[in-house]
Amino acid sequence: MPNGPLAAAIALHQQGQLDQARQGYGAILASDSGNAAAHHYLGMLEHQRGNPMAALPHLRTAVQSEAAEPFYWVNLGNLLKDLQRPQEAESAYQRALAQEPGDALALYNLGHLYQLYGRWSEAAASFSQATVAQADFVAAWQKLAAMELRANRREQALAAAEQAVALAPDDAASWFHLADGLGRFARWPESLEALERCLALQPQFAEAWNNLGLARKQQGDRAGAKAAFTTALEQAPPSDPANASLAAETCSNLAQLELDGHQLQAAQQWSGRALALDPQNAQVQFTKGNVLNALGEYELAASALRRALELQSDFPEALNNLGNILLNLRRHSESIAIFERAISQRSDYAEALANLANAQREASFPDLAEQALLEAIRINPEFAAAHSNLGNAYFDQGKVDLALQSYHRGIDLGQDDRDFVPNYLFALNYSPSASDAYLAAETRRLCKAKYDDFLSEPAAGADAPAGVHAIAARRLRLGYVSPDFWMHPVARFLLPVLEHHDQSQFEIFAYSSRYLKDGFTSEIAKHVEHWRDVHPLDDASLADLIRADGIDLLIDLTMYARDCRPGLFARKPAPVQITYLAYVGTTGLAAMDYRITDRVLDPPEGGPLPFSEQPLRLPRCWWSFAVPPPVVTMPAVVPPPCIGSGVISFGSLNNFVKVNEGLRELWAQLVASVPGSRLVLHIKETRARLGLLEFFAERGVSSDRISLIGYQNGPDYMATYGQIDIALDTTPFAGGTTSFDALWMGVPLVTLAGERSSSRGGASILTSLGRPDWIARSPEEYIAIAQRLAADPQALAAIRSGLRTELQASPLMDNAGFTRELEDLYRQAWEQGSGGE
């Protein structure tokens with residue numbers, strides 16, 4: 001124990017009489033310049049007074065003495081830490097621990113050093129050792145809880161926080177860390193209770209108010225969250241530079257709150273305030289990226305998230321959001337790598353696993369996606385989006401029944417504002433057991449529950465629709481809504497219509513609701529008078545824009561396919577709404593007035609249709625085909641492969657999900673009945689291939705007679721028709737684009753027209769082509785037509801050489817005539833549905 005003059009100086013120091021204490025230490029050193037204790041305490045005093053460079057030589061001198069105590073090294077480490085000399089500080093703490101391995105204070109300060117420099121696991125290890133050295137070291141337990149969370153070890157974090165509360169139930173910080181740990185397990189009611197206990201003990205705890213806002217937001221209490229964030233800013237005013245970091249994070253949280261409520265302008269304002277306060281804050285850059293992403297500024301958003309990761313490399317949420325942006329930009333390999341990094345940082349990150357699966361699906365690996373989603377569901381069985389996305393993975397592998405089960409589970413769970421209904425309704429169309437009546441009833445049932453209430457929402461600035469005579473002095477305004485104005489089947493069929501619209505009679509608007517663009521997008525835009533990029537807009541905002549544009553007839557080109565907008569059409573932003581082109585089916589929406597169809601898909605003599613929309617029947621096939629513009633390379637027609645090989649090759653390049661078990665049975669019978677024949681199929685490179693080959697082998701068709709084609713670019717896909725003699729259509733969901741492509745490449749198409757409207761797509765095409773002899777009405781006739789074609793290779797060669805000319809001369813490529821008939825239907829719909837006289 002110090003005594004004499006040194007003890008007196010220390011007493012003055014402890015009493016806050018720093019000038020007198022300095023004089024006392026100075027007097028000791030004047031007579032004993034090597035006094036280690038005096039140097040140590042004088043160094044501490046200078047550090048305390050804000051004179052770190054004056055403190056440093058005294059503390060260095062103190063630790064060089066043989067009389068140096070371990071805590072001399074600890075205080076030197078603290079000074080070096082404040083001087084931002086981390087390597088020297090770490091060395092000082094290690095020297096203290098070399099002298100006294102169980103020094104809890106040295107371990108605690110070393111942990112704090114690691115914390116400052118983002119070395120979370122090492123920090124947690126040091127704080128843990130401090131609690132071992134001193135079991136009642138409350139601050140160490142609290143820090144341990146925080147660092148275990150940073151290291152993504154939530155069980156250890158919660159255990160440490162619980163120990164801190166047990167040791168110090170009247171310490172607000174203990175409850176604060178317990179709330180953090182509970183939040184990581186999504187135990188939000190308990191987390192809220194812990195934060196309330198914390199704030200009852202320390203009402204001015206600004207960071208706790210901030211976290212209370214986060215917890216309330218998770219519970220759906222937006223107003224309560226906003227009030228808590230506001231209080232946090234009052235307790236830590238941004239005007240005080242000392243509060244800059246916390247105030248910036250709170251402003252970021254307010255930005256995210258507004259973003260979640262689709263208040264983009266308010267979100268931008270709060271994000272801007274956060275950036276002004278602390279641009280070097282990773283959380284601030286993270287929120288900036290989220291706001292830019294919502295605004296559709298994807299490249300800028302990605303840059304902000306990368307900046308967040310530069311500032312804080314261990315940031316799985318930033319990695320997850322960056323992966324989603326890269327996925328949206330179709331940079332699949334990059335997005336997969338980013339999601340895998342997020343999962344490596346937090347192995348229980350179910351959301352990142354689900355997003356990884358989305359990227360794997362987009363990259364044509366649905367079987368890998370299935371594995372990732374099953375793991376996400378294992379982590380969180382109530383994760384609705386994971387169940388719905390698992391349905392997508394099953395769907396891509398042709399497992400339609402499993403897909404429908406998973407979609408249903410997602411709908412039943414139905415958390416947050418995600419919309420899982422479209423996935424289910426789209427997949428239902430591929431079920432071979434579903435009738436038109438069942439499809440219509442099930443679609444209407446879900447739409448009534450999910451969308452019909454939007455019809456009663458007040459519309460911003462909505463006026464009564466103009467009647468027929470009210471628009472006599474102007475053109476009818478047509479609005480086409482689609483996410484597929486790129487090299488997509490919908491765009492391919494729409495382009496010839498846009499090229500031939502009578503713009504003296506119709507004013508054309510296009511609402512592009514997806515970020516993706518390519519050369520085909522430019523071709524579409526050339527023929528549209530008013531182009532609207534609307535992908536950042538939610539359904540309500542887009543509905544307001546459409547009303548402001550004064551659209552008379554709004555055309556849905558998506559139904560329930562990817563990136564559909566049922567919530568938009570349910571709001572009825574135009575007086576007449578029509579669905580067309582996406583696929584043969586129904587929207588089930590009370591607000592959708594009409595569906596474009598034709599006399600083969602829905603024969604007038606067939607009686608009333610079960611669909612909710614009124615049919616508008618074209619007198620010809622409802623598709624109008626044109627050769628894609630020069631942005632796509634189309635190969636030349638080649639002779640049928642059977643001429644050179646002597647072997648007939650049947651084939652289908654349809655989406656494999658259309659190839660149901662009943663159809664596989666039919667094709668197996670056909671191939672087995674034609675000696676030596678082969679089968680060419682499109683199927684992604686997944687485990688489903690092995691099952692497919694086994695299926696055919698069990699039915700007498702060996703694997704060497706089957707060619708499986710994976711993903712191909714456009715030219716390679718078209719060239720593959722050169723390997724096929726006879727194209728086989730699918731049923732009950734017939735082909736569309738693939739059927740036209742086969743015919744364009746000179747390949748005859750055999751189709752089976754069934755009870756469902758969707759099964760008659762091929763029949764509609766072949767009827768307009770003048771080839772009714774290729775249309776079967778039963779499975780037996782389907783096989784017979786294919787056998788008859790296969791029996792005459794020379795006739796196949798003649799068909800091959802002339803089919804493209806037949807197609808060009810048919811109504812299928814009379815794009816101008818088709819468009820006039822479609823416009824007649826638009827006028828008919830307007831006159832019947834506008835309410836005008």
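The values are calculated or read from the model by the stated rules, or taken from the named source; none is laboratory data. Since this is a predicted model, take the numbers as computed values, not measurements. Cβ atoms come from the backbone with ideal geometry, glycine included; neighbour counts cover every protein chain shown. These area figures cover heavy atoms from the full protein model, side chains too; ligands, DNA and RNA do not enter into them. Shrake-Rupley method; radii C 1.70, N 1.55, O 1.52, S 1.80 Å.
Summary table
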read-out: Residue-normalised accessible area of segment 349-426, given per residue in Å² at a 1.4 Å probe; value: 37
read-out: Separation of alpha-carbon centers, segment 698-744 and segment 750-802, rounded to whole Å; value: 15
read-out: R0 of 60 Å, Cβ-Cβ distance residue 801-residue 300: FRET efficiency to nearest 0.05; value: 0.65
read-out: Kirkwood Rh in Å, taken over all unlike Cα pairs in segment 753-837; value: 15.7
read-out: P(r) histogram, all alpha-carbon pairs of segment 1-127 included - 10 Å bins from 0, percent; value: 14, 41, 32, 11, 1
read-out: Sites matching GluC sites (Glu not before Pro) across segment 17-104 that sit in DSSP coil, with at most 16 neighbouring C-beta atoms within 10 Å; value: 66
read-out: Mean Cα-pair separation over length for segment 63-121, i.e. relative contact order, pairs under 8 Å, 6 or more apart, %; value: 30
read-out: Extended-chain gain in nm, criterion 0.36 nm per residue less alpha-carbon gap, residue 344 and residue 792; value: 155.3 nm
read-out: Prolate/oblate/rounded call for segment 398-439, Cα gyration tensor, a/c under 1.5 rounded; value: prolate
read-out: Values of log10 I(q)/I(0), in the order q = 0.11, 0.14, 0.15 Å⁻¹, for segment 239-397 under a Debye, Cα-only, solvent-free model; value: -0.46, -0.71, -0.80
read-out: Cα-based shape type of segment 112-169, given that a ≥ b ≥ c are square roots of the gyration tensor eigenvalues and the cut on a/c is 1.5; value: oblate
read-out: Residue order for 230, 819 - accessible surface, 1.4 angstrom probe, largest first; value: 230, 819
read-out: List 830, 209, ordered by accessible area with a 1.4 Å probe, largest first; value: 209, 830
read-out: Per-selection Rg to Rh, the chain - Cα, Kirkwood hydrodynamic radius; value: 1.12
read-out: Equivalent ellipsoid dimensions for segment 571-677 as semi-axes, Å, which come from the Cα gyration tensor, largest first; value: 38, 21, 14
read-out: Inter-centroid distance (Cα atoms) of segment 356-420 relative to segment 66-138, Å; value: 47
read-out: ³J(HN,Hα) computed for each position of segment 12-19 - Karplus, 6.51 cos²θ - 1.76 cosθ + 1.60, integer Hz, glycine/proline x; value: 4, 4, 5, 7, x, 8, 5, 4
read-out: For segment 573-635, fraction of C-alpha pairs farther apart than 20 Å, in %; value: 39
read-out: Filtered chymotrypsin sites (Phe, Trp or Tyr not before Pro), segment 679-716: DSSP coil and at most 13 other beta carbons within 10 Å; value: 711
read-out: Computed accessible area, residue 645, all protein chains, 1.4 angstrom probe, square angstrom; value: 70
read-out: Space enclosed by the convex hull of the alpha-carbon atoms of segment 55-110, per residue, Å³; value: 62
read-out: Förster-model FRET efficiency, 51 Å R0, residue 167 and residue 18, C-beta, rounded to 0.05; value: 0.95
read-out: Per-residue [θ]222 nm for the chain (sum of -39500 (n - 2.57) over DSSP H runs n ≥ 4, rounded to 500); value: -18000 deg cm²/dmol
read-out: List 757, 245, ordered by accessible area with a 1.4 Å probe, largest first; value: 245, 757
read-out: Heavy-atom surface of segment 572-677, accessible at 1.4 Å and reported per residue (Å²); value: 34
read-out: Under the Karplus curve 6.51 cos²θ - 1.76 cosθ + 1.60, θ = phi - 60°, whole-Hz ³J(HN,Hα) for segment 681-698, x wherever Gly or Pro sits; value: 10, 8, 8, 5, 7, 10, 5, 4, 4, 4, x, 5, 4, 5, 4, 5, 4, 5
read-out: Label-reachable residues, segment 695-729, where backbone N falls under 20 Å from a point 7 Å from residue 633's Cα toward its Cβ; value: 710-724
read-out: Cβ-Cβ FRET estimate between residue 207 and residue 8, R0 fixed at 45 Å, reported to 0.05; value: 0.65
read-out: Normalised contact order of the chain, rounded percent, pairs of Cα under 8 Å and 6 or more residues apart; value: 7
read-out: Difference of contour (0.36 nm per residue) and Cα-Cα distance, residue 713 to residue 27; value: 238.3 nm
read-out: Ellipsoid equivalent to segment 1-60 - semi-axes via the Cα gyration tensor, in Å; value: 16, 14, 9
read-out: Shape of segment 653-809, Cα gyration tensor, a/c cut at 1.5; value: rounded
read-out: Surface share of carbon and sulfur [accessible, 1.4 angstrom probe, percent] for segment 521-638; value: 52
read-out: Interchain or long-range residues, amide H under 5 Å from residue 579's placed H; value: 556, 594, 595, 596
read-out: Residues with amide H under 5 Å from that of residue 618, placed H, sequence gap 5 or more; value: 597, 598, 599
read-out: Global size of segment 84-149 as Cα Rg and Dmax, reported in angstrom; value: 10.8, 31
read-out: Placed amide H near residue 776: partners under 5 Å, 5+ positions off or other chain; value: 751, 752, 753
read-out: Cross-link table 226/450; 399/684; 658/684; 448/658, entries beyond 18 Å C-alpha to C-alpha; value: 226/450; 448/658
read-out: Mean separation of Cα contacts under 8 Å (6+ apart) over length of segment 274-342, as relative contact order %; value: 25
read-out: Among 433, 380, 369 - extreme Cα towards positive end, dipole of segment 369-444, charges at beta-carbon; value: 433
read-out: Potential lengthening between residue 374 and residue 310 on full extension [0.36 nm per residue; Cα-Cα distance subtracted]; value: 19.9 nm
